[in-house]
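See below for the structure under consideration.
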Amino acid sequence: MRLSLRQWTVVAVIVLLFVLVVPIAWTGIESWNTTDDYRIPYGLSEDYWQYQRFVGATANGSRKKILAIGDSVIWGEYVTPDETLSQHLNQLAGRERFANGGANGTHPLALEGLVRYYARDVRDASVLLHCNLLWMSSPERDLSSTKELSFNHPRLVPQLYPRIPCYRATINERLGIVVDRGSTFRSWVHHLRIAYFDSQSIPDWTLEHPLENPLGQVTLKLPGPKNLPHSEPVAWTARPMKPQDIPWVPLDKSLQWQAFQRTVRLLYSRGNRLYVVINPFNEHMLAPASEKRYRLLKGDAESWLQAEDVPYDAPPVLPSAEYADASHPLSAGYARLARRLLEQESFQDWLVEE
Amino acid sequence: MLFHTWPFLVFFLVVWVVYFGLRKTPFWLHWLLVASYVFYGWWNPLYLILIVYSTLLDYFVVIFMERSSRKLVWLVISMANNLFLLGFFKYAQFITDNANLILSQFGVVYSLPAPDVLLPVGISFYTFQSMSYTIDFYRGQIERERSLVRFAAFVSLFPQLVAGPIERASALLPQLKKFPQITTGDVADGLSLFVVGLFKKVALADYLSRVVDPVYANPAQHDAATLLLATFAFAWQIYFDFSGYTDMARGVARAMGIRLMLNFNHPYLATSLGDFWSRWHISLSTWFRDYVYVPLGGNRRGTFLMYRNLFLTMVISGLWHGAAWTFIIWGAIHAIATMVTRRAERSEFYGRSVPIFVKRVLVFTVVCFAWIFFRAESLQDALLIVSRIATTGWSTPDFPIFALVLVGVIWCYQFLYESRLRGLLEIPSVQMALAVGMLLYLLIVPGGGGGEFIYFQF
């Protein structure tokens with residue numbers, strides 16, 4: 001094959017047109033059911049293109065909603081789609097005002113990346129941002145450990161700066177991720193893989209399905225969220241456990257906290273109105289010394305939010321039976337949280353301004 | 001640094017811009033040398049010690065050769081040095097293992113310690129390239145290169161440093177005498193070569209390796225059909241991998257105005273083994289022809305000696321590829337097959353009556369048989385694969401239809417290319433459609449990450 005420079009220019013233009021047009025056109029031809037209690041299906045947790053599509057439509061669509069953003073606590077690991085915090089808020093408020101923009105496994109470093117690269121359309125909108133202090137509970141959770149670790153959503157975390165000590169991807173992998181994040185087309189390609197090819201590349205998928213036609217997999221219909229909890233909704237007390245002496249990483253040394261701070265500033269820089277909810281963490285499982293460290297940590301978080309003039313609530317610990325684990329409430333816990341929020345003056349003022 | 005990775009893209013863009021910017025100064029060559037050393041040192045900075053040492057030695061050997069009446073002594077020093085480097089890093093383990101095996105057969109309880117050394121990437125290539133310079137100078141075929149920087153750039157030129165093509169001094173050194181004229185045609189041709197090479201490597205070779213590797217890792221678990229298909233898949237994998245690398249290397253060099261030799265010419269369309277070796281890894285086969293086969297006497301001393309020389313050349317070529325009996329046997333199979341097809345071509349029946357298509361199938365079959373030994377992880381595995389192909393039953397193999405379609409399309413392209421319908425492939429809109437197809441395929445289909453090239457291990 002031998003093309004002249006002019007012919008290569010034509011090729012480049014055609015490829016560029018394809019790259020620009022196809023993801024846009026795809027949104028028109030691929031169907032997905034958005035019910036009022038929609039949340040990103042668990043299997044699409046790493047489908048950031050789909051996340052971008054959902055939050056963009058929700059925050060700026062004709063039925064503009066308040067987007068609740070956070071990890072699986074917002075998403076609702078142990079509850080059905082209609083038992084999440086956002087749905088309990090809707091039920092108590094009497095109308096569909098809140099949307100579930102939670103994404104499983106998005107620790108603050110990943111959440112920052114998700115907001116920065118895939119929630120660009122969330123502008124001049126109202127955002128309920130959850131702060132889960134669980135991610136500061138240890139150097140490993142904080143990703144500040146120097147031991148190499150695998151963690152959720154490596155494609156969302158900062159690749160070059162700031163440095164994450166436990167993240168040991170090669171330069172090629174990092175640069176590839178940086179390029180992917182800047183390209184809607186590459187995000188769309190990942191969407192195809194996750195949605196239709198079991199999160200594999202097409203060649204890998206054909207190795208597991210040697211006699212099947214890969215084109216037949218692309219049904220143009222996205223799976224909807226299952227109407228089931230992802231994990232069994234059983235209280236943590238059903239599993240015998242000694243009090244945990246969780247170390248906690250001080251906020252001034254915490255990579256996850258720094259990421260959370262950047263996320264707050266980023267959302268504000270896009271003209272959004274923000275309300276932060278801190279946990280509540282399952283303090284029942286903490287040993288006394290750990291509980292004391294946690295309280296200090298929480299106090300520091302509140303101090304920062306006050307200093308930044310960010311409206312927030314830091315609900316007290318829920319009854320023990322309303323927790324499924326260290327940070328996830330059960331349905332009754334979400335209901336309690338929703339009631340509390342709606343009773344808070346700061347939240348009411350924030351809602352009124354919206 | 002692999003060609004098909006982001007760091008290389010960044011590296012090349014920076015290198016090219018500065019290279020072009022320095023074109024009116026004498027420093028473009030120095031920049032090329034620095035870039036080549038950065039490229040090579042990216043694998044392991046310690047490798048630079050070896051290549052600099054090898055470069056300096058051969059540079060000065062030729063100076064002394066020019067001034068001395070005992071040129072042969074200096075040639076021997078150069079060859080001994082290069083072969084020693086190759087021998088130590090590549091063959092020490094093999095020699096030690098076999099020596100210990102022999103000693104144990106004689107009841108000797110002691111064993112030689114096995115040196116645990118890492119094989120420096122590209123050593124088989126740059127030692128041969130450097131040796132060709134000293135040999136050609138000895139033969140009076142080239143003049144001494146006076147500039148150390150130019151000679152060092154010749155030895156270490158980054159597009160072809162780690163896996164060839166093995167360039168001759170007479171072809172490459174003149175191109176480094178002054179800054180090359182880079183035309184838009186060079187950039188376009190470079191881009192064409194690079195995209196084709198990238199497609200071969202990422203879309204085809206890396207995919208086929210996923211099919212081949214599990215089968216060859218555990219041949220006892222697979223029956224004849226799967227082993228056969230994996231062998232055919234490997235034949236294509238190694239072709240796409242190596243020719244893809246060469247295309248990218250030539251493309252990169254071409255974009256810098258430097259022309260590297262053609263290294264693959266549709267080898268699976270060969271009609272004899274001799275034809276195969278005029279199409280496969282051409283730079284290596286011609287190196288062995290000029291520096292081993294011909295000095296041994298070539299075909300000038302009768303049939304028996306011709307066959308002996310051919311056999312020795314092919315076996316040494318096999319050994320060049322790796323320090324294992326499987327590579328030696330691979331070379332021997334090619335030697336025997338070359339002799340057989342050479343004789344057959346002389347016969348009336350084979351030469352004129354057997355259709356070309358049949359010859360191609362025969363040659364491809366023999367080459368694939370030899371690939372079994374090349375790819376197998378041990379001699380025992382190779383023999384097991386051969387016996388299982390011959391004796392086990394056939395069941396429907398779990399071979400992806402997608403892979404068959406891809407290879408089928410490529411084979412059709414190659415047949416068309418060497419047929420009277422070649423003109424169809426040269427229609428501009430067809431070529432542009434192919435380019436668009438390849439680029440979109442690369443953007444959408446393959447997974448991330450870049451597998452290493454097979455020939456880097458040599």
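Nothing in this text is a laboratory measurement; each read-out follows from the coordinates by a stated rule. Every value quoted in this text rests on a predicted model; they were computed, and no experiment measured them. Virtual Cβ from ideal backbone geometry, glycine too; neighbours counted across all protein chains shown.
For a quick check: sort B:250, A:193, A:181 by the number of other beta carbons within 10 angstrom, fewest at the front. Show your work: numbers first, answer last.
Details: B:250 25, A:193 21, A:181 18.
Taking fewest neighbouring Cβ atoms as first place, the list is A:181, A:193, B:250.
For the pair residue B:378/residue B:412, report the inter-label distance in nm, with labels modelled 7 Å from Cα in the Cβ direction.
4.3
Determine which residues of the range B:108-145 fall in the zone a paramagnetic label at residue B:68 would reach in this model, i.e. backbone nitrogen under 13 Å from the point 7 Å along Cα→Cβ.
B:138
Using unit Cβ charges (K, R positive; D, E negative) and no other charged atoms, how large, in debye to the nearest 20, is the dipole of the range B:6-179 about its Cα centre? Write down the numbers at each step before the final one.
Working: 13 positive and 8 negative charges, 151 e Å.
Around 720 debye, computed over the range B:6-179.
For the range B:1-130, just list the percent of Cα-Cα distances falling in each 5 Å bin from zero outward, please.
Whole-percent P(r) values from 0 Å outward: 2, 9, 13, 13, 14, 14, 12, 10, 6, 3, 2, 1, 1, 0.
Under 5 Å between amide hydrogens, which residues at least 5 positions from residue A:126 or on another chain qualify, with H placed 1.01 Å from N in the peptide plane?
Those qualifying (amide H under 5 Å, at least 5 residues apart or on another chain) are A:67, A:273.
With just the Cα atoms of the range B:185-444, tell me how far they stretch along each of the three principal axes, in Å, largest first.
52, 47, 40
Using the beta-carbon distance between residue A:346 and residue A:238 and R0 = 51 Å, what value does 1/(1 + (r/R0)^6) give for FRET efficiency, to the nearest 0.05? Spell out each step's value before the answer.
Values: r = 35 Å, r/R0 = 0.69.
Calculated transfer efficiency: 0.90.
Could you work out, for the protein assembly as shown, what percent of all Cα-Cα pairs fall into each 10 Å distance bin, beginning at 0 Å and stopping at the bin that holds the largest distance?
It works out to 2, 11, 18, 19, 17, 14, 11, 6, 2, 1, 0, in whole percents.
Sort A:131, B:368 so that the residue with the fewest other Cβ atoms within 10 Å of its own Cβ comes first and the one with the most comes last.
Ranking A:131, B:368 by Cβ neighbours within 10 Å, fewest first, gives B:368, A:131.
Once you charge only the Cβ atoms, +1 for Lys and Arg and -1 for Asp and Glu, what is the size of the charge dipole of the protein assembly as shown about its Cα centre, to the nearest 20 debye? Each step should come with its number before you reach the end.
Numbers: 71 positive and 64 negative charges, 712 e Å.
Roughly 3420 debye, rounded to the nearest 20.
For residue B:340, project a label point 7 Å along Cα to C-beta. Then give me every residue of the range B:365-387 with its amide nitrogen under 12 Å of that point.
Under 12 Å, as judged by backbone N against the label point of residue B:340, lie B:365-370 of the range B:365-387.
Would you please name the trypsin sites (Lys or Arg not before Pro) within the range B:352-451 that are DSSP coil residues with at most 13 other C-beta atoms within 10 Å of their C-beta?
Numbers: sites: B:352, B:359, B:360, B:375, B:388, B:420, B:422; in loops: B:420.
Those that pass, being in a loop and sparsely packed, are B:420.
Hey, what do the phi angles of the range A:159-167 turn into as Karplus ³J(HN,Hα) couplings, whole Hz, using 6.51/-1.76/1.60 and θ = phi - 60°, x for Gly and Pro?
Working through the residues one at a time gives 8, 10, 8, x, 6, 10, x, 8, 9 Hz.
Say the dipole of the protein assembly as shown comes from +1 at the beta carbon of Lys and Arg and -1 at that of Asp and Glu; which of B:438, A:288, B:48 then lies farthest toward its positive end?
The listed residue farthest towards the positive side: B:48.
Based on the Cβ-Cβ distance from residue A:266 to residue A:160, what FRET efficiency comes out when R0 is 30 Å, to the nearest 0.05?
Working: r = 17 Å, r/R0 = 0.58.
Calculated value: 0.95.
Please compute the Kirkwood hydrodynamic radius over chain B, one decimal place, Å, based on all pairs of different Cα atoms. Let's see the in-between values first.
Values: mean 1/r = 0.0420 Å⁻¹.
Value: 23.8 Å, from the Cα pair sum.
With label points built 7 Å along Cα→Cβ from the Cα atoms of residue B:93 and residue B:440, find their separation and express it in nm.
Calculated label separation equals 4.5 nm.
With each label point set 7 Å from Cα along the Cα-Cβ vector, what nm distance links residue B:391 and residue B:349?
Result for the modelled spin labels: 3.2 nm.
Considering only DSSP beta bridges whose two residues both sit in chain A, what percent are antiparallel, to the nearest 5?
Details: 1 of 19 bridges.
Around 5 percent antiparallel, to the nearest 5.
Quick one: order B:32, A:220 by neighbouring beta-carbon count within 10 Å, fewest to most.
On the way: B:32 25, A:220 11.
Lowest to highest Cβ neighbour count: A:220, B:32.
Out of the GluC sites (Glu not before Pro) in the range B:129-228, which ones are loop residues according to DSSP with at most 13 other C-beta atoms within 10 Å?
Working: sites: B:143, B:145, B:167; in loops: B:143, B:145, B:167.
Those satisfying the criteria are B:143.
Can you work out the Karplus-derived ³J(HN,Hα) for every residue in the range A:168-184? Use 6.51 cos²θ - 1.76 cosθ + 1.60 with θ = phi - 60°, whole Hz, and x for glycine or proline.
In residue order, the calculated couplings are 10, 5, 6, 4, 4, 4, 5, 5, x, 5, 4, 5, 4, 5, x, 10, 4 Hz.
Between residue B:30 and residue A:34, take the C-beta separation as r, use R0 = 56 Å, and let me know the FRET efficiency to the nearest 0.05. Numbers along the way, then the final one.
Numbers: r = 62 Å, r/R0 = 1.10.
Between residue B:30 and residue A:34 the formula returns 0.35.
So how strong a dipole does chain B carry about its Cα centre when Lys and Arg Cβ are +1 and Asp and Glu Cβ are -1, to the nearest 20 debye?
On the way: 34 positive and 25 negative charges, 308 e Å.
The dipole of chain B has a size of about 1480 debye.
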